[in-house]
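Structure first, then comments.
Every read-out reported here was derived from the displayed coordinates using simple, explicitly stated rules and does not represent laboratory data. Everything quoted here is computed from the prediction, not taken from an experiment. Glycine also receives a Cβ, built like all others from the backbone with ideal geometry; neighbour counts cover every protein chain displayed.
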Amino acid sequence: MNLRRKIKTYTHAPISHNVIMEALATYSRPNDKISEMIKSGELVSLRRGLYVPGPELDLPIPESFVIANHLRGPSYVSLESALSYWDLIPERVYETSSVTTKTTKTYQTSLGRYSFQHLTTPYYSFGIRSVRLTEQQTALIASPEKAVCDKIVLTAGVILRSISQTMDFLIEDLRIDEEQLQTLDVSTIETWVEDAPKRSSLQMLVNTLQGL
């Protein structure tokens, strides 16, 4: 059995348990074999039933944003991860942050830490972009506008009551340049306010951006 050859075409995304089981169809106890392969470094387990190739198989692994989308779905990458991806914040991000309609959860894997925070619909569904990361890999990522809004909505204790406070949060806390704030589509954010958590805070964001 050449597992490497059999799963090579699936490496653009995390590999499901069913795909591995199909590759191990000739084994009488395939689940035991999967356990052996994890121990030997041929497979890396992300969570129950989801894997990527281990170092011993010498195959590419999916982009971290693609892994995040598959770890807990439905979800999309947002918060600091999306802000960094869109070059809105200068810091390098060491955790892949997402939001989901499911419960809040964190996965600590050998490939890194993946966190998911809960949001409800319809607000959840606004501002999600399908971004092509490589020729075969596409991920769902918050637009720059949605990533900023999500950060306000999901940061405990942040209630924006004035333009000066909002500017302090955006520039001092998040470290977004004012020139970058001017590129955000304020009219789009405004359409989300009515259905958003922290409506007054997002309306204050709109008022602040309109004054730039």
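Only four residue types carry charge here, +1 at the Cβ of Lys and Arg and -1 at the Cβ of Asp and Glu. Report the dipole size of the chain about the Cα centre in Debye, rounded to the nearest 20. Numbers along the way, then the final one.
Details: 22 positive and 24 negative charges, 234 e Å.
That gives the chain a dipole magnitude of about 1120 debye.
What is the ratio of the Cα radius of gyration of region 78-154 to 2.2 N^0.38 Å, where N is its residue count, to two decimals?
So region 78-154 has a normalised radius of gyration of 1.07.
Which number gives the lysine pairs in the chain that have C-alpha atoms under 18 Å apart and are eight or more places apart or on different chains?
Eligible lysine pairs with Cα atoms under 18 Å apart amount to 5.
Which value at 222 nm does the chain reach when only helices count, each DSSP H run of 4 or more adding -39,500 (n - 2.57), with the total divided by all residues and rounded to the nearest 500 deg cm²/dmol?
Calculated mean residue ellipticity at 222 nm is -9500 deg cm²/dmol.
If you take the alpha carbon radius of gyration of region 141-212 and divide it by 2.2 N^0.38 Å, what ratio comes out, to two decimals?
This ratio for region 141-212 stands at 0.97.
Amide H of T138: which non-local residues (sequence gap of 5 or more, or other chain) have their own amide H closer than 5 Å, using H built in the peptide plane?
L133
Fewest first, what order do R48, R113, R72 take by the number of other Cβ atoms within 10 Å?
In order of increasing Cβ crowding within 10 Å: R48, R113, R72.
Relative contact order (percent) for region 64-210, with alpha-carbon contacts under 8 angstrom and 6 or more residues of separation?
Numbers: 232 pairs, mean separation 32.2, N = 147.
Relative contact order, region 64-210: 22 percent.
Determine the equivalent ellipsoid of region 3-57 by diagonalising the alpha-carbon gyration tensor, then write out the semi-axes as square roots of 5 times the eigenvalues, largest first, rounded to whole Å.
Numbers: eigenvalues 43, 32, 24 Å².
Values for region 3-57, descending: 15, 13, 11 Å.
Rounded to the nearest 10 degrees, what's the angle between the helix 144-154 long axis and the longest principal axis of the chain, both from Cα atoms, 0 to 90?
Value to nearest ten degrees: 90.
Report the charge-dipole magnitude of region 3-57 in Debye, nearest 20, computed about the Cα centre from +1 at each Lys and Arg Cβ and -1 at each Asp and Glu Cβ.
Here region 3-57 has a charge dipole of around 80 debye.
Rg/Rh for the chain: what does it come to with C-alpha atoms and Rh from Kirkwood?
Taking Rg over the Kirkwood Rh, I get 1.08.
Roughly how many whole Å is it from the C-alpha centroid of region 175-205 to that of region 86-156?
17 Å
Fewest first, what order do Y76, Y10 take by the number of other Cβ atoms within 10 Å? Numbers along the way, then the final one.
On the way: Y76 28, Y10 18.
Ascending number of Cβ neighbours within 10 Å: Y10, Y76.
I'd like to know which of S97, Y123, L3 lies farthest towards the positive end of the charge dipole of the chain, counting +1 on Cβ of Lys and Arg and -1 on Cβ of Asp and Glu.
L3
Whole-Hz ³J(HN,Hα) for each residue in region 58-72, computed from phi via Karplus 6.51 cos²θ - 1.76 cosθ + 1.60 with θ = phi - 60°, x for glycine and proline: what do you get?
6, 10, x, 10, x, 4, 4, 5, 5, 4, 4, 4, 8, 4, 8
Where both residues lie in the chain, what percent of DSSP beta bridges are antiparallel, nearest 5? List each step's numbers first, then the result.
Values: 19 of 26 bridges.
Taking every DSSP beta bridge with both residues in the chain, the antiparallel ones total about 75 percent.
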